[in-house]
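Since every read-out is calculated from the coordinates, none of them should be taken as a lab result. These numbers come from a predicted model, not from an experiment.
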């Protein structure tokens with residue numbers, strides 16, 4: 001989707017410490033769907049190879065435990 005819509009004149013601007021996209025109006029209208037009727041899972045590109053493993057820095061098991069404890 002990014003390759004299909006890149007280069008259409010939109011721009012990214014820093015606003016209040018955030019990166020915000022301002023469309024040009026030339027971007028195509030796209031609908032992401034599957035023919036099975038079940039949405040696709042979002043997933044990032046694995047640049048670590050088949051044997052690489054991701055180790056979380058922010059959403060760790062400990063952080064999840066603290067959030068669960070705070071919810072009680």
Percent RCO, i.e. relative contact order, over the chain, from Cα pairs under 8 Å lying at least 6 residues apart: 17
Value at 222 nm in deg cm²/dmol, rounded to 500, when DSSP H runs of n ≥ 4 in the chain each add -39,500 (n - 2.57): -5500 deg cm²/dmol
0 to 90° range, to nearest 10: angle between helix 61-71 axis and the chain longest Cα axis: 90
